[in-house]
Amino acid sequence: MANEIITVNNLVRHYGKVVAVDDVSFNVKEGELFGFLGPNGAGKSTTINVLCTLLRPTAGSASVNGYDVVKQQNAVRLSIGLIFQDPSLDIELTAYENLEFHARIYNVPSELWRPRGESLMKMVDLWDRRNDLVKTYSGGMKRRLEIARGLIHQPKVLFLDEPTIGLDPQSREHIWRYLTNLREQTGITLFLTTHYMQEAERCDRIAIIDHGKLVALDTPAGLKAMVGGDIITLHTADNEQATQQLRDIFGLEPARENGALRLEVEQGESFMPKVIQGLTVPVTSLSMHRPTLEDVFLNLTGRSIREEEASSKDTMRQWARSRGRER
Ligand code: ADP
């Protein structure tokens, strides 16, 4: 069994009266792709910041690569790479100069960082652009450069806070290709936060966090198995009456969701014709899907993870970044 490279025990972090992380415990295994999934404000960044030694915990403890995040901060910092939401590249320098700067901060001798930098820049397809100023790079290129830079001191764990936020789908795919290759080649542990379901699906295990509490931790398949069967969504001419009939005829208790009725049933395909035949209330639309992580989140918290809200945050970030570039 793989060793545990991150351990978190009863971690608590307050900001004044706000309890951002509320008694969270979990472990991450060496080589794992571990995801933190939750809506905005759930406490994902705060947890990651504590693990990266950027914030002190209010209570509880955590270690990374065997080092305590409070008592052995330097050893933790040497063990980790960081890819955070807000780019920390120097845009007035070239890509290669950014790598060099990072290597110097980490005391990596040039005979080591130069060949490493070359192979990392080739991995993220930026070698040919290494001498260009970073301010000429697109958002996706900057993120790729940050990945290469974050690896120059050969960390054991790479922390990625919303690694693809604000990127177009193609750039997202690229980033994932590099991360997948990186894992295969080096066995590095990846710890990421995300509110994108597709991204969470790629993880070996996912911790679902809501209001600072860890509400579930399992593989994507394990989490989805927690939802009882297929999800049926019904639009009807009269939801009150339809609800009553679903109770009386099928013994089911539908949930209300955006003006529709939502049911979990074991065999959706055979249930759908029975609903149409059984209900006297007109059914205006009927659809079925297999459980997703969104359904898991809904089941666990009674709320949806609100992709729309998240995407408006993306738009705001993109806007803020483009303003930053203009300055
Ligand atoms: P997430 O990363 O899941 O979006 P955060 O960890 O950023 O969540 O935030 C968790 C909670 O802590 C939220 O209620 C947020 O408003 C609050 N919070 C985060 N940073 C600060 C801060 N610097 N000062 C006060 N409250 C904060």
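The values are calculated or read from the model by the stated rules, or taken from the named source; none is laboratory data. Please read these numbers as outputs of a predicted model, since none were measured by experiment. Cβ sites come from the backbone with ideal geometry, for glycine too, and all protein chains shown count toward neighbours. When the accessible area is computed, the model is the full protein with side chains, heavy atoms only, and any ligands, DNA or RNA have been set aside. Shrake-Rupley method; radii C 1.70, N 1.55, O 1.52, S 1.80 Å.
A residue that is over 18 Å from the mean Cα position of the chain (by Cα), within 16 Å of the ligand (Cβ to nearest atom), among the polar types (S, T, N, Q) and in a loop (DSSP other than H, G, I, E, B) occurs nowhere in the range 92-110.
The set of residues in the range 7-19 being assigned to a strand (DSSP E or B) and either open to solvent by 30 Å² or more (accessible area, probe 1.4 Å) or under 23 Å from T164 (Cα atoms) (or both) consists of T7, N9, N10, R13, H14, Y15, V18, V19. Here the range 50-65 is the region considered, the condition is being surrounded by 20 or more Cβ atoms within 10 Å (Cβ to Cβ) and over 15 Å from E4 (Cα atoms), and the residue that is farthest from the ligand (Cβ to nearest atom) is T53. One residue stands out in the range 250-274 among those that are of a type in the set (G, A, S) and closer than 17 Å to H289 by Cα: the one that is farthest from the chain's Cα centre (by Cα), namely S270. For the range 220-258, a residue qualifies if it is more than 15 Å from F297 (Cα to Cα), open to solvent by 50 Å² or more (accessible area, probe 1.4 Å) and touching a helix residue (DSSP H, G or I) at 6+ places or on another chain (Cβ under 9 Å), and the qualifying residues are I249, F250, E253, R256. Only one of L293, L261, L286 is hydrophobic (A, V, I, L, M, F, W, C) and under 20 Å from A200 (Cβ atoms); which? Unique residue meeting the criteria: L293. Out of all the residues in the range 259-273, is one or more open to solvent by less than 20 Å² (accessible area, probe 1.4 Å), at negative phi and in contact (Cβ under 8 Å) with a residue 60 or more places away in the chain? Within the range 259-273 (the criterion being open to solvent by less than 20 Å² (accessible area, probe 1.4 Å), at negative phi and in contact (Cβ under 8 Å) with a residue 60 or more places away in the chain), the answer is no, since none of the residues qualifies.
Of all residues in the range 30-49, those satisfying the criterion of being within 16 Å of the ligand (Cβ to nearest atom) and either assigned to a loop (DSSP other than H, G, I, E, B) or more than 17 Å from the chain's Cα centre (by Cα) (or both) are G38, P39, N40, G41, A42, G43. Tallying residues that are under 22 Å from G43 (Cα atoms) and open to solvent by less than 60 Å² (accessible area, probe 1.4 Å) within the range 66-81 yields 7.
If you take the residues in the range 189-210 that are part of a loop (DSSP other than H, G, I, E, B) and at pLDDT 95 or above, which one is least open to solvent (accessible area, probe 1.4 Å)? Of everything passing the filter in the range 189-210, C203 is least open to solvent (accessible area, probe 1.4 Å). For the range 109-146, the set of residues classified as open to solvent by 60 Å² or more (accessible area, probe 1.4 Å), in contact (Cβ under 8 Å) with a residue 24 or more places away in the chain and either acidic (D, E) or farther than 20 Å from I91 by Cα (or both) consists of D125 only.
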